[in-house]
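The values are calculated or read from the model by the stated rules, or taken from the named source; none is laboratory data. These numbers were taken from a predicted model, which means no experiment stands behind them. Quick reminder, even Gly has a Cβ in these numbers, built from the backbone with ideal geometry, and neighbours come from all protein chains shown. The protein model used for the area step is the full one, side chains on, heavy atoms only, and it has no ligands, DNA or RNA in it. Shrake-Rupley method; radii C 1.70, N 1.55, O 1.52, S 1.80 Å.
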Amino acid sequence: MKLLITCFQWTAVALANELKILWYKTFDNFASGMYVDGEMKDIYRINLSSRMANKIYLEINSAVTKNFDQLFDFVHGMDWNKYVSKWHKINISTNIYHSQINSDKSTQSIVNKAVLKKLVWWEGQWSSDPSKEEINVFVQIIDDKCSIFVNTTGEWLHNRLYRTATGDAPLKENIAASLVRIWNRHFKTPLLDPMCGSGTICIEAAMIAKNIAPGLKRHFAFESFRDFDKLELGEIRKELKDKIFVGEYKIVWYDIDPEMIEIAKKNAYSAGVDDIIHFEVKDIKDVKKWDGYVVTNPPYGKRMDNENMELLYKNLISIYENGASGCFISSWEQADRMVWYDFKIKNLNNNGEMVKVYLKK
């Protein structure tokens, strides 16, 4: 079976390295994803284990379709009962390139009509109740070849279910994990987040250090598939839990706001990593030096004036000047002029907002 694994742009390299560690060979890699070959057990394992991915899609069929009649017949002829039931509502997404079929909206309408007609034939009356669980079907048509994928993940994989609360504009968990992994950090090396907010970066670092699979707390769309094997999933969950370990790590977070420190503590406890993280209320101006990695998500200036932002970033960058390695992520327009040549800058689109990652070895 062919699996499509998606991710945020810029994190694709981290995802490819992660899949290699999990013993999967990727192919046809692109800016926001890649493909691997696998079986149902691999769908279970990657969904449970991937820290970088957004969603995992299963290709269920492919054929050449040069017009809408061919598309309808192709989709209608598939065994949709394996993946969709009367308890689902269907969401169709598309990606069309260099094909005779070139309308996303019409393609979505045709595919939806073909799927529903087949399901009504299988199951009778069909309800469009908006409270139903959603199943996502992804239609990709490239050079007239139509590939139909079904989302095996459900909600985005960055939803680890350990957050009890967040601050403003929290960083997505898989982006935080990618920031931690970007330089293949040695986990015995101290890690600091001097502006931790709700604690996502340090929690992800601690989960990596303890080898806690990020998907252990959640459920997935594949659990509603007809050929879902609950026993096999249980065996994989147990195998991953047995690989969790505890070592000596120095992971530290600071924040100037005591309330955010309390929120972060609760999130760390929920994630099962509060035992290896040191928490402290501290202003970044009081952090003069750090012997290790500094990874953080500083404010972007939406609630601070330029003078205070300037001082905050000056204090942050001085930690790197005094010998720390690592990176920070920001959309503050003035950040570029404050970093020097030792930093590498990468663009990253996050929630439609262009942000940059500033990396220093």
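Odds and ends about this structure:
- Residue within the range 330-353 that is open to solvent by less than 10 Å² (accessible area, probe 1.4 Å) and of a type in the set (Ser, Thr, Tyr) present: yes
- Helices (runs of 4 or more DSSP H) enclosed by the range 1-109 - at least 3 residues per element that are of a type in the set (D, E, K, R) and within 21 Å of the chain's Cα centre (by Cα): 40-49
- The single condition among (1) farther than 30 Å from Asn174 by Cα; (2) at pLDDT below 95; (3) buried (at least 17 other Cβ atoms within 10 Å of the Cβ) that Tyr83 does not meet is (1).
- Check on Arg303, closer than 22 Å to Thr200 by Cα and either open to solvent by 60 Å² or more (accessible area, probe 1.4 Å) or at pLDDT 90 or above (or both): yes
- Considering residues of the range 237-270 that are of a type in the set (Lys, Arg), open to solvent by 100 Å² or more (accessible area, probe 1.4 Å) and in a helix (DSSP H, G or I) only, the residue nearest to Arg51 (Cα to Cα): Lys241
- Top-ranked residue of the range 1-30 - restricted to ones that are among the aromatic types (Phe, Trp, Tyr) and within 21 Å of Asn347 (Cα to Cα), ranked as most open to solvent (accessible area, probe 1.4 Å): Phe30
- Meets criteria (assigned to a loop (DSSP other than H, G, I, E, B) and of a type in the set (Phe, Trp, Tyr)) for Phe222: no
- Residue within the range 282-289 that is part of a loop (DSSP other than H, G, I, E, B), within 30 Å of Ala31 (Cα to Cα), out of contact with any helix residue (DSSP H, G or I) (no Cβ under 9 Å at 6 or more places or on another chain) and open to solvent by 30 Å² or more (accessible area, probe 1.4 Å) present: no
- The range 150-169, residues that are open to solvent by less than 60 Å² (accessible area, probe 1.4 Å) and either modelled with pLDDT under 85 or not in a loop (DSSP other than H, G, I, E, B) (or both): Val150, Asn151, Ala165, Gly167
- Index of the failed condition, Leu48 passing every other in (1) touching a strand residue (DSSP E or B) at 6+ places or on another chain (Cβ under 6 Å); (2) of a type in the set (A, V, I, L, M); (3) surrounded by 18 or more Cβ atoms within 10 Å (Cβ to Cβ): (1)
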